[in-house]
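The next block holds one structure in the form of structure tokens; read it before the comments.
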Number of protein chains: 2
Amino acid sequence: TIGPASSGFDRGENNDKFFTHPRNPKALAAYLFAHNHLFYMMELLTGVLLMVLSLCEAPAVPSLRLDVYVHATLELLALVMVAFELCMKLRWLGFHTFIRHKRTMVKTCVLLLQFVEAIVVLIRQTSHLRVTRALRPIFLVDCRYCGAVRRNLRQIFQSLPPFIDILLLLLFFMWSILYWSHTILSGVLSPQYFNTLENSIVSLFVLVTTANFPDVMMPAYSRNRWSCVFFIVYLSIELYFIMNLLLAVVFDTFNGVEKMKFKSLLLHKRSAIDHAFQLLVSRQRPMGVSLKQFDGLMRFYRPRMSSRDRFLTYKALNTAGAPMLSLDDFYKFYEVIGLKWKARRSGEHWFDDLPHTTFLIFKGDSYFFPSIFHPSNAVTRLFLISVLAPSPAGGFSWSRMVPWSYIIFLTIYGVEVLLKITGLGPLAYFSSGWNLFDFSVTVFAFLGLIALAFDMEPFYFIVVLRPLQLLRLFKIKQRYRNVLDTMFELFPRMASLGLTLIIFYYSFAIVGMEFFAEVVYPNCCNTSTVADSYRQINVTIGNRTVLDEGYYYLNNFNNILSSFVTLFELTVVNNWYITMEGVTSMTTHWSRLYFMTFYIVTMVVMTIIVAFILDAFVFRMNYSRKNKEPLLDPEGKSNGIVFEAEVSRDEALATLELYKKTCPGLSSLNSLQGVLLAMDRSGSSSLVYLGRRSRTKSDLSMKMYEEEIQEWYAEYSRENLPQSNRSLVGRELDIPPPCPEHES
Amino acid sequence: TIGPASSGFDRGENNDKFFTHPRNPKALAAYLFAHNHLFYMMELLTGVLLMVLSLCEAPAVPSLRLDVYVHATLELLALVMVAFELCMKLRWLGFHTFIRHKRTMVKTCVLLLQFVEAIVVLIRQTSHLRVTRALRPIFLVDCRYCGAVRRNLRQIFQSLPPFIDILLLLLFFMWSILYWSHTILSGVLSPQYFNTLENSIVSLFVLVTTANFPDVMMPAYSRNRWSCVFFIVYLSIELYFIMNLLLAVVFDTFNGVEKMKFKSLLLHKRSAIDHAFQLLVSRQRPMGVSLKQFDGLMRFYRPRMSSRDRFLTYKALNTAGAPMLSLDDFYKFYEVIGLKWKARRSGEHWFDDLPHTTFLIFKGDSYFFPSIFHPSNAVTRLFLISVLAPSPAGGFSWSRMVPWSYIIFLTIYGVEVLLKITGLGPLAYFSSGWNLFDFSVTVFAFLGLIALAFDMEPFYFIVVLRPLQLLRLFKIKQRYRNVLDTMFELFPRMASLGLTLIIFYYSFAIVGMEFFAEVVYPNCCNTSTVADSYRQINVTIGNRTVLDEGYYYLNNFNNILSSFVTLFELTVVNNWYITMEGVTSMTTHWSRLYFMTFYIVTMVVMTIIVAFILDAFVFRMNYSRKNKEPLLDPEGKSNGIVFEAEVSRDEALATLELYKKTCPGLSSLNSLQGVLLAMDRSGSSSLVYLGRRSRTKSDLSMKMYEEEIQEWYAEYSRENLPQSNRSLVGRELDIPPPCPEHES
């Protein structure tokens, strides 16, 4: 029963669907083969390889160009790998479930298509119009490590309906204003931008993005000063009202989606625990899970956990002290699983036992440094800034002269770091991100000084890190600490959002390359209104001749790197219409559709990024306000979650006996014997262990939605419990848990 | 006691400070003189006059130019008016309080300064550099009707500290990146934008606003393709991360400020009620407020309320049915004060008593119309859109031909409007905003048809309103209803925010005019990088000669209207640096400070507008989700607040007697006699009245913060009650309440 129960926990944690559960030993073997980091890595590499191939396929980056048969063969190879992965999946899912799993089905279809196309390319020895390459990111997105990207994509799609609703409202106002402008203002607006219906729509669309703003108004404004009213009204409604409404609606949906996601993950975990509990409770002992069973489960679920930690985890779950774990105890499983256990020390710091004077030095250290650099202490601050700020005067060559005050401050910081390391002990010191930052900044500063002193040219880049010293000042004020902590917390999520954006970029870049490669060049686009920006010509103004260089021909789709840069420029929005008009004038009017679609897609993604930052920040602020305790103590060490477990000598001995019986002749019991040794040393008959882990977003949410969670659970147990009991009948497998060979 | 008690309510409602309370009968006379709409209007007009004067002062709008002695005399006149208002205030505040009231003191100082300057102008017969005109909006902001603007300004100033903190973070990153760019990338970045320290800072600042984006990168990009990495990293950090953080921080502060504002207003109201209660409770009857006293208070506080409504309000407060109002009853004062009273009818609609068939028609009407235009009914929708959308084809002259389907739909709408008016009765029908909208759109459409039929050229503008018909489709979907309702709710607040923005514009425009008037002109700024935009010259390209018109010389500060347009363009941000660079090249480098300050100020205001829209929308959504009832019923009539009061015949008679004693020989008792008449007609011995009012933001907040409010009250009564008792000793005045002459 233990294998399936443990894999159930896996899926509970990863929010996989339960119907993808392996159903027989053969499937389980395939499942185990397909669920380890080697396999995941292979999936990831295949996906990356397929995407990277577009660097070498025509239109390729010049220095990376490969022959057709080379890149087509590489592609076929990668596709075969993907096919192999799919076959493994088919094996453990079974054909029926495989068909039902939507994402896998889409992947299969795309795979077949790509296969056919790759073979065609290999036969014809030349690339045809392969827009379907834009679908390649699917292989990357489907791989295990890209779960965050998948979640982002889901969130984006969930935010779409309200987004589109407001977009329609925006278009409606645009249309109305267009209608009014042409019945009332037909003589006033400049024919350059408003001569045809298409031009008018494009001009107004670009105006919402403000990219053509004063320019589109200027000709009309120079003829009639009151024409500015039209533009002011239009922008006030569309830009300042409806676009903000768009953000509000997405933000609101986003909040709702986040909450629902949290709810479903929570209920999913609970249901995983239910499943596992049902599997573990054997017919002989229907009341609960014994230590023996639990230990077997843990050896399977977390093979690298030491025997002591397994035992302590069991103790942490078993708060009532009963001989077995009840279902209610078991519900805390995910809360205690990540704990790091440590015996409770008598004092707070190791130096508490030292003589009084030494103690004072270390104690004072914690108060001395924050206070001399306190923001209210303006003299110190200004001094520090003036010292740390290397003067970039004199044509910006950074001075080799190091002011003496810089060395003094560096020494102070060095002493602080040393004191802290000795005071807290290296382990406690480096467990805090802020201390780590302090340490590395100080070390780099010293290295920079050494590089300067010995005139080592290649290491000058270290000197460049000097401005980081200023960040130290920021960490003193509570708001900056909050902001910077939020920044670090946001980082993984931001990275996954960035990856999502890159996947969109990739698809758009492929489409752009297929249609617009080599379309723009210097002095092209003479028929468009933006010809100036593409010009590269000698111009005579009065009696001077100058090179009029427009540079915009560089914003092209000639290879995937150029395309990415061009798309980034389109994302920044400013002057994006110049690229659009240039390409349009050299191709068809339908090209505008590409650019406008891209604008809207990036607007969605960017709005979601904004909503996400807003949400994370406001959530954190609310949370810290609700609990009236700062999330971090002044030392920068996070107040994590702490569990306690008291172990008596008798218990430890009994457990050791039990373990010896289940996995005899192993060195895996060292850690448990260590507990007994520690008891002997301190001379007490019991020892208290503390399990710590850092607070996660999920913990915060638990606290924020406390009331709702009770409702959800009530609702869930009303609906699901009888059913889950039924579905588990006849699914008991018995695989002996592997005994770990050694422990860390 | 009644006068002060009533004025106390006034200040409770308006959140004035209590120490500005009049202290003796003479002061009270001045207080009454200064607190009526005539006086407020005078204040407003004086403020507006002073601001409008800048249209006529040099540099004036050409058609409105006035001689120096004319506008200086007008200004002196307005200033004398302001001085008079201040004197009245001094009279009722007393000198001591006057000095303590900060806003009034600032106003006095500015007034004195303006007086001196106006006299100097009159003597010299020419305007000098009068930057202090930028302070004129103070007179407008101080007037009674601009309370919302004052609140906005306060909110903006309260949001400043966190805003500045994050701005510093932004500047720090800017500075670091500048430092790195000059040590590492010194050869790569183009000297056109990065040659000196000042230029680099300006370029990077403008880059954060994206206004110069691809252009600033292009020269470096054309030389080295990898230089784009610098710009991408810079924009990703500054624009996409820190700017969003800025929004998050302002949003968070905004939420906190809104909540605190609500709290302080709530406690202020409670304290006003405490004050009034203490004043009303005389020594003879220390237990509570009698009907007689309450009635006297109401005649003073709301002179236009009818005697019936005063009585019903008393009944609504007096839920326990005791002979007197206790303090707890009295706490509901602000909740019941705005109620509109109406006798409860037996049925819901008047047609409920009609025969069955007629009833069905009216009843069906409410279900028929929403359902045929349901969004899911795509055919109807598309048809309607195609019909209502007048084709702007054929060179955009709107067609005189009206499609027959348009007439059919208009007829259907006409019938709907008629049915609804007869069904609900005109009063109930027009009390809903959506019905009013339906009605006016239909009427305008008919008028448009008539104008077309009789070929009345000047009325064609009515036809232009046709696109509004489409809004009808939007009202069917719940989300649009929510959005549009929020839009209408936001409207007053948006208007006041707009006014706040205009006040900032005004000050900046004055400063701009004083320093930059007549600075830019065609073909100026040849030394700057933006010379092209100011060019108006014949250019030879190859062998063609074209007029190269840059138009940007139109964005000047030559008079206040031009300045406003220029400032709006700066607000929209796109290409704002062209105006900045142009002006800078013709004046000094310090001019940039003006433009950058303006950018930061508008950024603050705009961020607050975004935060405000976000807050209002999310609040509304949360509220409607929490209560699981839509804020509006399908008929579009808001589910307001409803209070009930049952009146028996004996009570009514007793009250009538009481009123006859206090204000005998008046026609003011009609409404109360009407109650008796209604009882006679229906033949019952008692009548139930319903008091309704629409739900305000304050009601929503009451519900949202339910738990916190109890805490606040507990805290408040712990702190304040003993003190407020003490401060009221010896302040009892007795002024007979005015008897209203007639009632509406």
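Work out how much length A:Arg154 to A:Ala320 would gain on full extension: take 0.36 nm times their residue separation and subtract the Cα-Cα distance, in nm to one decimal.
Working: separation 166, 0.36 × 166 = 59.76 nm, distance 4.13 nm.
Result for the pair: 55.6 nm of gain on full extension.
When the surface is traced with a 1.4 Å probe over the full set of protein chains, A:Ser203 keeps roughly 10 Å² accessible. Over region B:486-626, the hull volume per residue, using the convex hull of the C-alpha atoms, is 139 Å³.
Note that region A:107-256, at 4 °C in a medium of 1.567 mPa s, gets a Stokes-Einstein diffusion coefficient of 67 µm²/s from its Kirkwood radius over C-alpha pairs.
B:Leu171 to B:Leu436: extension gain in nm, 0.36 nm per residue of separation minus the Cα-Cα distance?
Numbers: separation 265, 0.36 × 265 = 95.40 nm, distance 5.13 nm.
Length gained, B:Leu171 through B:Leu436: 90.3 nm.
Ellipsoid fit via the Cα gyration tensor, region A:22-165: semi-axes of 28, 21, 14 Å, each the root of five times an eigenvalue, largest first.
If you plug the beta carbon distance of B:Ala453 and B:Gln478 into 1/(1 + (r/R0)^6) with R0 = 45 Å, you get a FRET efficiency near 0.75.
Classify region A:44-102: rounded, prolate or oblate, from the alpha-carbon gyration tensor (a ≥ b ≥ c, eigenvalue square roots; a/c under 1.5 rounded; otherwise prolate if a/b is larger than b/c)? Since a/c reaches 1.5 and a/b is larger than b/c, the shape of region A:44-102 is classed as prolate.
Looking at region A:154-239, what % of the alpha carbon pairs are farther apart than 19 Å? Of all Cα-Cα pairs in region A:154-239, 39 percent lie more than 19 Å apart.
Projected label points at A:Glu198 and B:Gln192, each 7 Å from Cα along the beta carbon direction, are separated by 3.1 nanometres. Per-residue accessible area for B:Arg154 at 1.4 Å probe radius, Å² rounded to 10? Solvent-accessible area, nearest 10 Å²: 130 Å². Treating r as the C-beta distance of A:Leu32 and A:Leu427 and R0 as 45 Å, the FRET efficiency rounds to 0.80.
Ratio to report: Rg/Rh of region A:485-528, with Cα atoms as the point set and Rh obtained by the Kirkwood method; give two decimals.
1.33
In nanometers and ordered shortest first, the copy-to-copy spacing of the B:Leu49 label point, defined 7 Å from Cα toward Cβ, is 8.5. Mean partner shielding of peptide A:607-614, defined as the number of other chain Cβ atoms within 10 Å of each residue Cβ, is 4. Per-residue shielding of B:567-577, expressed as the average number of other chain Cβ atoms within 10 Å of the residue Cβ, stands at 5. The accessible-area ordering, largest first, of the residues A:Trp180, A:Trp576, A:Trp590 stands as A:Trp590, A:Trp180, A:Trp576, per a 1.4 angstrom probe. In this structure B:Asp532 has an accessible area near 80 Å², from a 1.4 Å probe over the protein heavy atoms. Between B:Tyr40 and A:Ile600, the modelled label-to-label distance comes to 4.7 nm, taking each label 7 Å out from Cα in the direction of the beta carbon. Of the peptides A:306-314, A:255-263, the order by per-residue mean of other Cβ atoms within 10 Å, starting with the highest, comes out as A:306-314, A:255-263. With the simple model of a label 7 Å out from the Cα in the direction of the Cβ, A:Leu418 to A:Cys109 spans 6.8 nm. Computed from the Cβ-Cβ distance with R0 of 45 Å, the FRET efficiency linking B:Glu646 to B:Glu708 stands at 0.85.
The values are calculated or read from the model by the stated rules, or taken from the named source; none is laboratory data. All values derive from a computational prediction rather than experimental measurement. Positions of Cβ are generated from backbone atoms using ideal geometry, with glycine treated the same way; all protein chains shown enter the neighbour counts. In case anyone asks, the SASA skips ligands and DNA or RNA and just uses the protein heavy atoms, side chains included. Shrake-Rupley method; radii C 1.70, N 1.55, O 1.52, S 1.80 Å.
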